[in-house]
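Trainee: Can you keep this structure in mind? I'll have questions shortly.
The values are calculated or read from the model by the stated rules, or taken from the named source; none is laboratory data. Note that this is a predicted model, so its numbers are computed, not measured. Methodologically, a virtual Cβ is constructed for each residue, glycine included, from the backbone with ideal geometry; neighbour enumeration extends over all protein chains shown.
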Amino acid sequence: MKSAHHKQFLTLVAMVGLAARVHAADFFVHDGDRVVFLGDSITEQRLYTTYIEAYALTRHPQWQLSFRNVGWGGDTAWLRQRSHPDESQLFAADEAVQQAMVEDAVGRGLRRDVLALKPTAVTVDFGMNDHSYQAFREDIFRAYIRSQKEIVKVLTANGARVALLTPQPIEDKRPDPDQDVRNQSLRKFSTGLKDVAANAGVTFGDQFDPYMAILLRERASNVKTLNTFVGGGDAVHPGPIGQTIMAWAILKALGAPALVSRAEINSATKAVVAVEACKIQNLKVADGIISFDRLDDALPMPIDPAAEPVLKLAPILDELNRYELQISGLAPGNYELSIDGESVGKTTAEQLGKGWNLATAVGPITKQVQELLKLVVEKNNLYFNRWRSVQLFSFPGWAQSPEAESKRSAELARLDEKIAESEAQIEKARKPRSHQFELKPVAQ
């Protein structure tokens, strides 16, 4: 059994690698975008969506961007939680009746929660609730596919680019998650979704295969994981670790580039050899110490401190977060790097010659992006409260009066002001700053 799983893991890894090579070169998110994340409770958790938002904000700090999360626990592609169609009738209906039901449910749900935000780009992450946590059912699958087609139709007709995302697999504490009938059902739903995306000419993002590959590898190689959730959280709702895996898989599918910035210096010739997306000034090489000022065009993607173990599970730094310093011509030995007088780490001349990825090195830059991440979390919580607790709140009959409505309008205005203030803080926090780097030899 273990051998079979290992072979499947290798196959899945190969598939993921192929997908990474053939994805569109252009990042799904563009300058000026209003991005909306649509999905179920996994989206409502505001984790993978926040990580994707933080990536876009730090990688493109000059772009004008806004992000809104409208995930709703228990929701489905036919927007169960927003439109409440009769699901027994929906699954049993003939083609014409089902189409009419889907058009009504999807249309009403999107008009209120998505189209009102005037999105230019929307990610759609459904499937977990759709398959009803059971073995594959053709009648439910038919409704799911029809509903996803309708979502694409409505959103594209209103000028939004669409990315259809598969759900991640269910992670029960078992050695063979790929044999879980619920995951086998989700796999079929994912394959069907890929066909929908291809036929509609929209972006497709596969979380299922990359996530499953990691689960199979960890279950086969580490018996301790049999009693834990690799992704944290629970079997259906990953914690920060699993949701960072999700963000990694989605960002790769969306064409997110790996490079933050890169600087190459030759200490022997005292020259800047090459730079990408940054500027190096005031280079000095004397008495074995190298110092310079570096101003980057972008910032590294913040990694949630609660998700740091994920860096051993997925190649996130290599594939999404390359903030590089390369220094050749150094005398053999160990070196310590400081940024603005703060030590950020030690390494060897050999490693510096190959290139050092500083994306997660503790220091002023990491502190800046972590502060940005906190601000994004706060803003997203404010919007969730505005949308669900105030905008969608229905007054009971005895409270339905002009005074009650005016109070709601006033509260919406107050929250909009706080959200705008939060976004102004984010705008300031995402701008790169010039930093002084100093590298000096140290004893072992």
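Trainee: Across the range 173-213, what is the total count of residues that are acidic (Asp, Glu) and within 23 Å of the chain's Cα centre (by Cα)?
Mentor: Step one: list which residues in the range 173-213 are acidic (Asp, Glu), which gives 176, 178, 180, 195, 206, 209.
Right, trim to within 23 Å of the chain's Cα centre (by Cα) and you get 195, 206, 209.
Of the residues in that region, 3 qualify.
Trainee: Report yes if Gly233 is under 22 Å from Pro302 (Cα atoms) and surrounded by fewer than 23 Cβ atoms within 10 Å (Cβ to Cβ), otherwise no.
Mentor: Working: under 22 Å from Pro302 (Cα atoms): yes; surrounded by fewer than 23 Cβ atoms within 10 Å (Cβ to Cβ): yes.
Taking the combined requirement at face value, the residue satisfies it.
Trainee: Looking at (1) touching a residue at least 40 places away in the same chain (Cβ under 8 Å); (2) within 30 Å of Ser434 (Cβ to Cβ); (3) out of contact with any strand residue (DSSP E or B) (no Cβ under 9 Å at 6 or more places or on another chain); (4) of a type outside the set (S, T, N, Q), which is the only condition Lys374 fails?
Mentor: For Lys374, the failing item is (1).
Trainee: A further question follows. Which of the residues belonging to the range 133-159 are closer than 22 Å to Arg182 by Cβ, within 25 Å of the chain's Cα centre (by Cα) and in a loop (DSSP other than H, G, I, E, B)?
Mentor: Step one: filter the range 133-159 for residues closer than 22 Å to Arg182 by Cβ, giving 133-148.
Still in the running and within 25 Å of the chain's Cα centre (by Cα): 133, 144-145, 147-148.
If the condition is that a residue be closer than 22 Å to Arg182 by Cβ, within 25 Å of the chain's Cα centre (by Cα) and in a loop (DSSP other than H, G, I, E, B), then Tyr133 is the only one that fits.
Trainee: Further, regarding this structure: Please go through the range 389-402 and pick out each residue that is assigned to a helix (DSSP H, G or I) and loosely packed, with under 14 Cβ neighbours inside 10 Å.
Mentor: Restricting attention to the range 389-402, the residues satisfying the condition of being assigned to a helix (DSSP H, G or I) are 389-391, 397-399, 402.
Of everything in the range 389-402, those that are assigned to a helix (DSSP H, G or I) and loosely packed, with under 14 Cβ neighbours inside 10 Å turn out to be Ser389, Gly397, Trp398, Ala399, Pro402.
Trainee: Determine which single condition Ala274 fails, assuming it passes every other condition in (1) under 28 Å from the mean Cα position of the chain (by Cα); (2) farther than 21 Å from Arg430 by Cα.
Mentor: (1)
Trainee: Restricting the first residue to the range 417-429 and requiring it to be over 20 Å from Val369 (Cβ atoms), which pairs with a second residue that is part of a helix (DSSP H, G or I) meet a Cβ separation below 7 Å and a spacing of at least six or different chains?
Mentor: The qualifying pairs are Lys418/Leu382; Ile419/Lys379; Ile419/Leu382; Ile419/Tyr383; Ile419/Arg386.
Trainee: Every residue in the range 62-105 that is of a type in the set (Val, Ile, Thr) and buried (at least 22 other Cβ atoms within 10 Å of the Cβ), please. Show your work before the answer.
Mentor: Of all residues in the range 62-105, those of a type in the set (Val, Ile, Thr) come to 70, 76, 97, 102.
Across the range 62-105, the qualifying residues are Val70, Thr76, Val102.
Trainee: Here is a check on your reading of the model: is Asn334 polar (S, T, N, Q), closer than 28 Å to Ser66 by Cα and surrounded by fewer than 17 Cβ atoms within 10 Å (Cβ to Cβ)?
Mentor: The answer is no for Asn334.
Trainee: Looking only at strands (runs of 3 or more DSSP E) that lie completely in the range 291-367, which have at least 1 residues being free of Cβ contacts under 8 Å to residues at least 60 places away in the same chain, touching a Phe, Trp or Tyr at 6+ places or on another chain (Cβ under 6 Å) and not hydrophobic (A, V, I, L, M, F, W, C)?
Mentor: Correct list: 342-348.
Trainee: From Glu405, Glu423, grab the single residue that is charged (D, E, K, R), within 29 Å of Gly32 (Cβ to Cβ), outside the structural domain of Trp63 (by TED's automatic domain parsing) and surrounded by 12 or more Cβ atoms within 10 Å (Cβ to Cβ). Write out each step before concluding.
Mentor: On the way: Glu405 fails: within 29 Å of Gly32 (Cβ to Cβ).
Glu423 is the lone residue from the list that is charged (D, E, K, R), within 29 Å of Gly32 (Cβ to Cβ), outside the structural domain of Trp63 (by TED's automatic domain parsing) and surrounded by 12 or more Cβ atoms within 10 Å (Cβ to Cβ).
Trainee: Can you name the condition, by its number, that Leu193 falls short on among (1) within 25 Å of Glu87 (Cα to Cα); (2) surrounded by fewer than 19 Cβ atoms within 10 Å (Cβ to Cβ); (3) among the hydrophobic types (A, V, I, L, M, F, W, C)?
Mentor: (2)
Trainee: Checking Glu218 against (1) modelled with pLDDT of 95 or more; (2) under 24 Å from Ala306 (Cα atoms), which test does it fail?
Mentor: (1)
Trainee: Report yes if Ala420 is part of a helix (DSSP H, G or I), within 29 Å of Gln81 (Cα to Cα), modelled with pLDDT of 95 or more and of a type in the set (Gly, Ala, Ser), otherwise no.
Mentor: Numbers: part of a helix (DSSP H, G or I): yes; within 29 Å of Gln81 (Cα to Cα): yes; modelled with pLDDT of 95 or more: yes; of a type in the set (Gly, Ala, Ser): yes.
So Ala420 fits the description; yes.
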